[in-house]
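This report concerns only the one structure given below.
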Amino acid sequence: MQTICKRLHRGDDLLESIRHLAAEHQIAAGVILSAVGCISKGRVRDASGVTIRDIPDHCEIVSLNGTVSAQRCHLHIALSKEDLSTIGGHLTKGCIINTTCELVIGILDGWRIGVEQDDETGYDELIFEEV
């Protein structure tokens, strides 16, 4: 497995930075191995798949996981607030790095992530293909 290690800086959008890295490195299939840092404000979509919630607080990134490709990223994030309560959901644009984020992406050799309409869920779902 190859890896990409990148330090993100204050003001970077977390999701946009990951998408940029996926395109720049032409990642066909990857996963988030580690993401340690903090944000100055956040945005996540809840489990309904519709509602996006703004998080105006400084938070620590306590977990970021999911799939990464140049075609599409599917990422979930958990954030710890100053009172140590935790909030999380589907990562959307608008999670802005406060001081830093140390990001590690693993590239899955021999795999490609595609997108296919799923009649059962009604969504464009990720598919994994061996290449």
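The values are calculated or read from the model by the stated rules, or taken from the named source; none is laboratory data. All figures in this text were calculated on a predicted structure; none of them were measured in a lab. Using ideal geometry, Cβ is built from the backbone for each residue, glycine included, and neighbour counts are taken over all protein chains shown. Each accessible area value is taken on the protein alone, full model and side chains, heavy atoms only, with ligands, DNA and RNA left out. Shrake-Rupley method; radii C 1.70, N 1.55, O 1.52, S 1.80 Å.
Odds and ends about this structure:
- Calculated from the alpha-carbon coordinates, the stretch 57-131 shows an Rg and a Dmax of 15.3, 46 Å respectively.
- Residues whose placed amide H lies under 5 Å from that of Thr100, excluding near-sequence neighbours: Cys38
- Enclosed volume per residue, in Å³, of the convex hull spanned by Cα atoms of the stretch 2-76: 97 Å³
- Karplus (6.51, -1.76, 1.60) ³J(HN,Hα), θ = phi - 60°, over the stretch 101-116, in Hz, Gly and Pro reported as x: 8, 9, 10, 10, 10, x, 9, 8, 4, x, 10, 9, 9, x, 10, 9
- Accessible surface, per residue, of the chain when the full set of protein chains is kept, probe 1.4 Å, Å²: 56 Å²
- Förster radius 25 Å - calculated FRET efficiency between Arg112 and Val62, Cβ distance, rounded to 0.05: 0.25
- Net charge contributed by nearby residues that have their C-beta within less than 15 Å of Val62 (K/R +1, D/E -1): -4
- Helical contribution to [θ] at 222 nm, DSSP H n ≥ 4, -39,500 (n - 2.57), averaged over the chain, rounded to 500: -2500 deg cm²/dmol
- Here's how it looks for Leu108: its modeled amide H is under 5 Å from those of Ala29, Gly30, Val31, which are all 5 or more places away or on a different chain.
- Set of lysines with alpha-carbon distance to Lys6 below 23 Å, sequence-local pairs under 8 removed: Lys41, Lys93
- Taken over the C-alpha atoms, the stretch 37-94 has Rg and Dmax values of 11.3, 37 angstrom.
- Cα long-axis angle, helix 14-24 against the chain (0 to 90 degrees, to the nearest 10): 30 degrees
- Considering only Glu120, Glu60, Glu102, the mean-square fluctuation computed in a Gaussian network model of the chain, springs between alpha carbons under 10 angstrom, is largest for Glu120.
- Table column - 3J(HN,Hα) (Hz), the stretch 86-91, Karplus curve with 6.51, -1.76, 1.60, x for Gly and Pro: 10, 9, x, x, 6, 5
- Answer label, with Rg and Dmax of the Cα atoms in Å calculated from the coordinates and candidates (i) 14.8, 46; (ii) 19.4, 64; (iii) 17.1, 65: (i)
- Scanning residues 5 or more positions from Cys95 or on other chains, those with amide H under 5 Å from its amide H are Leu14, Leu15, Arg43, with H placed 1.01 Å from N in the peptide plane.
- Counting only protein heavy atoms and a probe of 1.4 Å, the accessible surface of the chain is 48% carbon and sulfur.
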